Amino acid sequence: MAEPLVTEGELSICPEYGLSKVIAYLQETIADCLTWQGLVTSGELAWAELLELIGGENPELDRAEAVDAIRIYCERDEGAELQLPSCIISHDPRWLDDHLGTATFVAQGSLSVSFAFPIPALYVDTNKLWYIDGCNKLGKIIREIKAQELKANRITPNQLSVGRIGRLDPQEMNGQHAFLGELVLNVYGEMNV
């Protein structure tokens, strides 16, 4: 399997060391999640409809679009509309890359992945259903990340935990109703470069 490239529009770059490789592997891992691909492809589908889409024999999903929808630590311009669904990868400022020679390093630290999914229109005015819908989607993404463990060019976290979960304020989202789910991945391991 070829090393992943990080692309943006027509430009691309090959991650070479430590943190950049780990972030690229995480991007590829998320892009391979059918749930994420379904969310990017379908927009505001409710949980049951999303399951039907991704569980089909040949789901019409666009992995390239799923990769494009992943952001790596981005700051939103004031007043700019966040496109839903969104996925933002960032790292803990205490990230550590220890080089063990010319071709091996130990990566250690935490990565944060913040997902924002559109709340389906039929759940916008509910008290609980929007929450369970979002948690179902986030939980399925977690299962799909874990299913890729120990595969080449994919991330295998030592620990994966759920961070913040909630509803984003529509006034801060240009009127969009969105579920926020955050994953925290603790990573520790040797890599050859």
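Scanning region 1-19 turns up no residue that is out of contact with any Phe, Trp or Tyr (no Cβ under 7 Å at 6 or more places or on another chain) and part of a helix (DSSP H, G or I).
When the residues of region 139-162 are filtered to those that are outside any helix (DSSP H, G or I), charged (D, E, K, R) and within 16 Å of the chain's Cα centre (by Cα), the one that is nearest to V40 (Cα to Cα) is R154. Regarding A121, is this residue at pLDDT below 95 and within 19 Å of the chain's Cα centre (by Cα)? The answer is no for A121. Residue selection: I141 satisfies the criterion of being surrounded by 19 or more Cβ atoms within 10 Å (Cβ to Cβ), among the aliphatic types (A, V, I, L, M) and modelled with pLDDT of 95 or more. Filtering region 174-193 down to residues that are more than 19 Å from the chain's Cα centre (by Cα) and of a type in the set (A, V, I, L, M), which residue is modelled with the lowest pLDDT? Across region 174-193, the extreme among qualifying residues is V193. Scanning region 1-33 for residues that are hydrophobic (A, V, I, L, M, F, W, C) and open to solvent by 70 Å² or more (accessible area, probe 1.4 Å) turns up M1, A2, L5, L11, I13. Among the residues making up region 144-193, those that are within 19 Å of Q37 (Cα to Cα) and loosely packed, with under 14 Cβ neighbours inside 10 Å are K146, A147, E149. Taking region 108-138 as the range and being crowded, with 20+ Cβ neighbours inside 10 Å, in contact (Cβ under 8 Å) with a residue 60 or more places away in the chain and not in a strand (DSSP E or B) as the test, the residues that pass are I119, P120, Y123, D133, K137.
Of the residues making up region 31-67, those that are assigned to a helix (DSSP H, G or I), touching a residue at least 60 places away in the same chain (Cβ under 8 Å) and touching a strand residue (DSSP E or B) at 6+ places or on another chain (Cβ under 8 Å) are W36, L39, V67. If I filter region 71-97 down to residues being outside any loop (DSSP other than H, G, I, E, B) and within 12 Å of L39 (Cα to Cα), which single residue comes out as modelled with the highest pLDDT? Here the residue is C87.
The values are calculated or read from the model by the stated rules, or taken from the named source; none is laboratory data. Not measured: the values here are computed from a predicted model. Reconstructed Cβ throughout: ideal geometry from the backbone, glycine too, with neighbour counts over all protein chains shown. Heavy atoms of the whole protein, side chains included, go into the accessibility calculation; ligands, DNA and RNA do not. Shrake-Rupley method; radii C 1.70, N 1.55, O 1.52, S 1.80 Å.
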